[in-house]
1. For residues in the range A:526-560 being buried (at least 19 other Cβ atoms within 10 Å of the Cβ) and in a loop (DSSP other than H, G, I, E, B), which is farthest from the chain's Cα centre (by Cα)?
2. Would a scan of the range B:159-171 turn up a residue that is touching a Gly at 6+ places or on another chain (Cβ under 8 Å), more than 30 Å from A:H593 (Cβ to Cβ) and in the same structural domain as B:G68 (by TED's automatic domain parsing)?
3. Look through the range A:161-194, keep the residues that are closer than 22 Å to A:F284 by Cβ and in contact with a Phe, Trp or Tyr (Cβ under 9 Å, 6 or more places away or on another chain), and return whichever of them is farthest from the other protein chains (Cβ to nearest Cβ).
4. Enumerate the helices (runs of 4 or more DSSP H) found wholly within the range A:430-525, keeping only those where 3 or more residues are more than 25 Å from A:A109 (Cα to Cα) and within 14 Å of chain B (Cβ to nearest Cβ).
5. Which condition from (1) surrounded by fewer than 24 Cβ atoms within 10 Å (Cβ to Cβ); (2) facing another protein chain (nearest Cβ under 7 Å); (3) among the hydrophobic types (A, V, I, L, M, F, W, C) is the one that A:L288 breaks?
6. I need a count of the residues in the range A:332-367 that are among the hydroxyl-bearing types (S, T, Y) and within 25 Å of A:A269 (Cβ to Cβ).
7. Filtering the range A:3-60 down to residues that are more than 11 Å from chain B (Cβ to nearest Cβ) and not in a helix (DSSP H, G or I), which residue is surrounded by the most Cβ atoms within 10 Å (Cβ to Cβ)?
8. Within the range A:157-193, how many residues are of a type outside the set (A, V, I, L, M), surrounded by 24 or more Cβ atoms within 10 Å (Cβ to Cβ) and over 20 Å from A:V54 (Cα atoms)?
Amino acid sequence: MTMYGGLQIGLYIAVLLGLVQPLGGYMARVYEGRSAVNRWLAPVERLIYRCSRVNPNQEMRWTHYALVVLWFNLFGALAVFTLQRLQVLLPLNPQHLPGVSADSSFNTAISYVSNTNWQGYGGETTMSYFTQMLGLAVQNFLSAATGIAVVIALIRGFARHAEETIGNFWVDMTRTTLYVLLPLSTVLALGLVSQGVIQNFTAYKTVPLLQPVSYEQPKADGGKPVTDAAGNPLSEAVTIPEQTLPMGPVASQEAIKELGTNGGGFFNANSAHPFENPTPLSNFLEMLAILLIPAALCYTFGHMVGDTRQGWAVLAAMTFIFIVMAVAAVYFEQQGNPAFAALGVDQNASALQSGGNMEGKETRFGVVHSALFATITTAASCGAVNAMHDSFTPLGGLVPMWLMQLGEVVFGGVGSGLYGMLVFAIIAVFIAGLMIGRTPEYLGKKLEIYEMKMASVVILVTPLLVLAGTAVAVMLVAGRAGISNPGAHGFSEVLYAWSSAANNNGSAFAGLSANTPFYNSLLGSAMWFGRFGVIVAVLAIAGSLVIKKRAPGGAGSLPTHGPLFVVLLVSTVLLVGALTYVPALALGPVVEHLLMIAGK
Amino acid sequence: MWNDIKPAFFMLIIWTVITGIVYPLAVTGIAQAIFPSRANGSLIVVNGKAAGSALIGQHFIDPKYFWGRPSATAPMPYNAGASSGSNLGPTNPALIEAVATRIKTLREADPDQRNPVPIDLVTASGSGLDPHISPAAAEYQINRVAEARKLNPESVRKLVARHTEGRQLGLFGELRVNVLELNLALDGLR
């Protein structure tokens, strides 16, 4: 790896970790109602509760909490579905884009409420400004707030003793959006506009081309292709003197897309598009925004359970796995493609070029900022991309795929990453307990059969969806029809799609044509169960823990704030991830890598 | 149950208004006031008329212009109305063939240029709209452009240097040359 590559990874980690304590502490105070903003904006908060018939002082048991989460997200999905179907009748549609198909609308609706933001469609050719703003961007906020609310409820399960309730979802969700997401998004959006991200409501603009473009297009007569005497389709030369520039309120949506680890781009090319991500600095800000809240929540967790060392230990485990993965991704992309070297292409990094595998990457980002972005977006369940993962080298593409398959717990999505990692912590403590023959406990709570059952559900739901779904898709004609690349890479495309959907990431090996009724309906269902199957089990754990009394730690209990625990936690995550996915990965990226270096 | 459905419905309405209408309108208002040019697409204005966007690349195949990254958008390259990468995998024969064809085209346009071809000049960008090439890719084309325009290569090289952006803040990103701006400047040289 180049010196510059190491420097960028180091700089990124340093800035990120520097922001953990200030933001994490602020969030803890916000949820405890002790922050200054709680007082300043108290009238707004009270007005929101009054208008929505919510009693903010009503505490909820876990079953109640889970129920309102489901109602709220069900209504959200219905709203996004309806807006897409009816957008042609609604305002702010200067391009007169038609209503979206039923299966695509279903997929996109679930995709956005589940914080996945998988894009089966191309934004600039499908969605009106109205749909983007009132449907998609709203769920960017609300799905993020849902994830954070659920982890706060789980933290209360640890922090409270001998109680029955885990908080009020409406209060947690409202405080998250009002005090955390909205202020951060506004600042970030303006920062992005300063770099050139667009923010307007005008119709698409037309500008002249300095050199007009000529191309061949199939000749058509009234919609029917024209053929010659032998039946071959004829084509005609077309010359275009102009370029159409898409417009729209991009920056406001871009900011929450990263901060809420949503990842659904305004445009088809997502953060590779110059209007979404115009400069290396905008790229750095976007990368920072993706992991900012997931990292800070670790500190919030430590603070709320009364021992910040517990939070730092979890954060250390995440950071360790992240650094290893980032270095691997940058290294393999910098190696380039051996097939090009034979053709007389210069892929070496030098003072004049970034070199490496540049297919699907932007010049301003080069290999380092592209591979780092890919690692960040899949460590988090964000799924924004600034380079096309489908064109990564086999092992460079294995990194993002495996990060998703680990269950999105290396930082992970906002809220969802930490609750996933805390479930892994429960499993790690359980394994340690088995080794020394003691009842396992974590943060003073005895872990018993019920918690372990629910933790197993969390760990097993997504691999089941990914592996069974991939197997079914490659066995059926409708599943194989979407594959665009031949050989092992085609299998990787399908495996990546299911990993992304079930783990609520949303990035893709985008060569896969997934905007079909088959993929739209199956991946849509995988996103729903991958999200809410896990959330219900996590809330069940919270509900079971909150009832328990604090068990005083003895000489035989494992301290969960030291290096030993960090190693145990990292090993548990990697072991579960490796045991589950090595066979599938061997069939995809590993085989492709071996073929590539053998020159086949 | 009704007591849970009511708040779910009203909360969605309230937050749709706040995050879906108030927030983007507020950001638009501030952005249009502070950064009007950038918020509207960073258009390059020549003689009072828009001549493209500084952020969106255009397609060049004339030897007298610097060429940008290959673009995989459909139906024509650099179609800003439908951004897209090629999504070709690293071992896909179609990718290897496409790169070989691009190398051949470059060699035919400038038979005297025998150096290895910089990678970014023969691989499609992620957006299909990449406005930049690496300084190496610009250097590779200087002789061809100078010859086609009957200019001294040194004066073209100076122009390229003037349009080369360094790492942002000295820290972030790669060195790059904005192709459209460079070509507009070349046309202004005549």
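1. A:S557
2. Taking every residue of the range B:159-171 in turn, at least one turns out to be touching a Gly at 6+ places or on another chain (Cβ under 8 Å), more than 30 Å from A:H593 (Cβ to Cβ) and in the same structural domain as B:G68 (by TED's automatic domain parsing).
3. A:V180
4. So the answer is A:488-502.
5. Just one mismatch for A:L288, condition (2).
6. The total comes to 2.
7. Result: A:S35.
8. 2
The values are calculated or read from the model by the stated rules, or taken from the named source; none is laboratory data. Keep in mind that what you see is a predicted model, and the values were worked out from it rather than measured. Using ideal geometry, Cβ is built from the backbone for each residue, glycine included, and neighbour counts are taken over all protein chains shown.
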